[in-house]
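A short reminder: the numbers here are calculations on the coordinates, not readings from a lab. These figures come from a predicted structure and were not determined experimentally. Here Cβ is always computed from backbone atoms with ideal geometry, including for glycine, and neighbour counts include all displayed protein chains.
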Amino acid sequence: MSVLNNAIEFKSVFKTYGDNTVVDNLNLSIPEGKITVFVGPSGCGKTTSLRMINRMVEYTSGTILVNGEDNTARPAHELRRSMGYVLQQAGLMPHRTIVDNISTVPRLNGVSARQAKSQALELLNTVGLDESFAKRYPSQLSGGQAQRVGVARALASESSILLMDEPFSAVDPVVRADLQKELLRLQSTLGRTIIFVTHDMDEAILLGDYVAVFARGGRIAQFGTPEEILREPADDFVASFVGRDRGMRRLTFASGADVPIHPLDAQQTPWQQWQLNVEDGRPAGWRIDDRVIPGGSLFVAGGTLRDALDSVLSSPSGWGVVVNEQGQVLGLLKSDDVLEATERERLNRYGVSA
Amino acid sequence: MNWLQSNLQHVGELTALHLLQSIIPVIIGTIIAVPIARFAMGRRRDGRSTERTTSAGKLRRGLVINSAALLYTIPSLALFVLMPLVLGTSITSLLNVYVALTLYVIAMMVRSAVDAFDSVSPVTLEAATAMGYRTTRRFWAVELPLAVPVMIAGLRVALVSNISMVSVGAVIGIQSLGTLFTDGLRRDLPAEIITGIVATVLLALVLDRLLALLGSFLTRWRTA
């Protein structure tokens, strides 16, 4: 493992409001170029900790180093312009067009209007929006689109650091999944230092290279990779927070690629009286006798073992449906095969040969 | 009709005077009222905190809004008569009207402007700060433009009520469309009185419409 530089370091940071300690002696090093997720129940100080980085909240005592420099060394507004910030509700300026919204920070930094605009148009593409959005106003966007613009605006600061405060919690689950995927895709090319706040453990596991689990009272209960946290929760609090689906979540890290796929046109249909309805190559529910029953979740080939297991468990016939990226049916998964794969994963994990 | 035709020039002059006495106080009054209102709001707390003002802030806000309301309760005629004493002007000076009506506009607009600043989403302001806006620039670039819709609504009420109030000056001899009422009454000329009423209403309608247009121009982002 290579030695990582730290982009941000919290050193004995406290934040109190009167007698109320919100952040209690925070010591944390956030590695450069990685996604670090702050996760925890509400009121645990995770958002406060994030906001202390760009001094939207001033801490009571301690030090925060940003790229090695004390973050109180320069005026707060300069510090804020030097890092991207994505808010929960996008927080776009309703009276500015999308392109002007994205240009906000470059314009504050004195970049010419023309240059800021051409950069903003590029960023629209980067976050997967068409250039036709440029002249629209925020009120004309859906929640997911607004959040994409929020991300584009944060990227426009061209800083290496991106602060994201529960950015996907206000959109519906389908859009959220899209945005999460998009963020990972972006990060694979951009390699920024991202600090991401969420209360959703699944989101933390999906996005985080590192996860800091915050406990009530503003202390960090555990810091590590998602796998480490799921494998060895540091204490009862973390164990209860990563919670009841721990076994399932573990499967997120295992590939479902080696589960055999049974072709649809196999000689005998081992799934007996169940028939998969296929329309235009896409699955369209299961037929039994004269009834058609909507299908379960689909397993996209190459996905995780967790997805594979879910496709089997949610399928009315007990057979998981495998599709490709375009949604075309590739075949079926047998529950026994999936369970065998989880068995292999378990043995692998502890280095025991079968 | 005959009366109007033979007095067209006179009516025109009075309309111009009326226009001047309506618009100038609205402009000056608004320019004074907006900073007062912003001051009354105090320093807005950013972020998720819903507790936006301290108890001192609440007191200040209540004080400003109530004094403005109190100002509005002074009868306009009394204010017109009082002005020469305070300002040392002659009783028929236009300045009396300007100052008196400006006070009324301030009384009305302070309240509207406070509501207008209140209507600006704290999330937006917080976002602006997080992007790196400093307080002054944030006020001009974000807070004020976003307060415009509610402010324009208040401004339309202030302008229309101001147009009707200008007429009162005629009682103490200040020339405006109101002069047509006092003069028509004295000389028993219904045509003159009716002309005065129609002209005042027309003036109010036209100015209100223009202000509404200005408002929708400034707030294209809302209807887009």
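Annotations for the structure displayed:
- Residues B:Ile23, A:Ile8 arranged by fewest to most Cβ contacts within 10 Å: B:Ile23, A:Ile8
- Length-normalised contact order of the range B:8-218 in % [C-alpha pairs under 8 Å, at least 6 apart]: 26 percent
- Contact order for chain A, expressed relative to its length and based on alpha carbon pairs under 8 Å spaced 6+ residues apart, stands at 16 percent.
- The ranking of A:Arg282, B:Arg186 by Cβ neighbour count inside 10 Å, starting from the fewest, reads B:Arg186, A:Arg282.
- Residue-wise HN-Hα couplings along the range A:307-319, as the Karplus relation 6.51 cos²θ - 1.76 cosθ + 1.60 with θ = phi - 60° gives them from phi, are 5, 4, 5, 5, 5, 6, 5, 8, 7, x, 8, x, 10 Hz; Gly and Pro carry x.
- Magnitude of the charge dipole, the protein assembly as shown, Cβ model with Lys/Arg +1 and Asp/Glu -1, debye to 20: 2080 debye
- When the helices of the protein assembly as shown are scored as -39500 (n - 2.57) per DSSP H run of n ≥ 4 and the total is divided over every residue, the value at 222 nm lands at -16000 deg cm²/dmol.
- Summing +1 for each Lys or Arg and -1 for each Asp or Glu among the other residues whose beta-carbon sits under 13 angstrom from that of A:Glu131 gives +1.
- Between A:Ser12 and B:Asp118, the simple label model (points 7 Å from Cα in the Cβ direction) yields a spacing of 4.6 nm.
- One quarter of the surface of the convex hull around the alpha-carbon atoms of the protein assembly as shown equals 39.8 nm², the direction-averaged projected area.
- Residues whose placed amide H lies under 5 Å from that of A:Tyr59, excluding near-sequence neighbours: none
- Computed from the Cα positions only, the extents of the range A:275-349 along the three principal axes stand at 44, 26, 13 Å, in decreasing order.
- Neighbour counting of Cβ atoms within 10 Å sorts the residues A:Arg344, A:Arg153, fewest neighbours leading, into A:Arg344, A:Arg153.
- Between amide H atoms placed 1.01 Å from N, distances below 5 Å from A:Trp286 occur with A:Asn277, A:Ile293, A:Gly295, all of them 5 or more places distant or on a separate chain.
- Surface/4 of the Cα convex hull for the range B:171-224, nm²: 4.8 nm²
- Lysine pair number, Cα distance threshold 21 Å (strictly under), the protein assembly as shown, separation 8 or more or different chains: 6
- Shape index of the range B:1-152: Rg/Rh, with Rg the Cα radius of gyration and Rh the Kirkwood radius from the inverse mean 1/r over Cα pairs, equals 1.13.
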